[in-house]
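Have a look at the structure below, then the notes.
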Amino acid sequence: MKKKQRALSIKQILDTYFPTPSIPLSHTSHYTLLIAVLLSARSTDKKVNEITPLLFSLADTPEKMLTIPLETIQTTIRPCGLSPFKAKSILGLSKILVEKYNSKVPRTFEELEALPGVGHKTASVVMAQAFA
């Protein structure tokens, strides 16, 4: 069996047993999903779901996020770990989304992976959950 045929067989099996898998991270938009997935690195979904309502009450769009001081974001997300890096990434990707993508989350792996703090795993989750 060739790779493509095997992949299709595996997809059919997964679709049979898991037709509509739930998304474990709470979010309300593609942007909030992207931020939640970024925060989930080296953290638990449970912890991220505790923190994101606090963060998203401050800002739930890229434009709003750019108005929040770095220190406030860092303090808010500190329980998720790696807060200095993640806070800078959140502000950096928010700025790029506003300036380059009209505040929309891009729909390709290449564009997603070019955003600060977004690696292949984060891009894969966003692609699968937001654009599947």
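The values are calculated or read from the model by the stated rules, or taken from the named source; none is laboratory data. Quick caveat, the model's predicted, so the values are computed rather than measured. Cβ sites come from the backbone with ideal geometry, for glycine too, and all protein chains shown count toward neighbours. Areas reflect the complete protein model, heavy atoms only, side chains present, ligands, DNA and RNA absent. Shrake-Rupley method; radii C 1.70, N 1.55, O 1.52, S 1.80 Å.
Some points to look at:
- Per this entry, Ile23 is counted among residues that are of a type outside the set (Lys, Arg) and surrounded by 11 or more Cβ atoms within 10 Å (Cβ to Cβ).
- All positions within region 31-55 that are open to solvent by 50 Å² or more (accessible area, probe 1.4 Å), free of Cβ contacts under 8 Å to residues at least 24 places away in the same chain, assigned to a helix (DSSP H, G or I) and closer than 24 Å to Met127 by Cβ: Asp45, Lys46
- Residue that is among the hydrophobic types (A, V, I, L, M, F, W, C) and at pLDDT 95 or above, where the choices are Leu25, Leu54, Leu14, Leu8: Leu54
- Looking across region 90-108, the residues that are over 19 Å from Phe56 (Cα atoms), open to solvent by 70 Å² or more (accessible area, probe 1.4 Å) and assigned to a helix (DSSP H, G or I) come down to Glu99, Lys100.
- Looking only at region 61-79, and only at residues there that are in contact (Cβ under 8 Å) with a residue 40 or more places away in the chain and within 22 Å of Met127 (Cβ to Cβ), the one that is surrounded by the most Cβ atoms within 10 Å (Cβ to Cβ): Pro62
- Identity of the residue in region 56-88, part of a helix (DSSP H, G or I) and of a type in the set (A, V, I, L, M), that ends up nearest to Val118 (Cα to Cα): Ala87
- Identity of the residue in region 13-44, of a type in the set (Val, Ile, Thr) and under 12 Å from the mean Cα position of the chain (by Cα), that ends up farthest from Glu63 (Cα to Cα): Ile23
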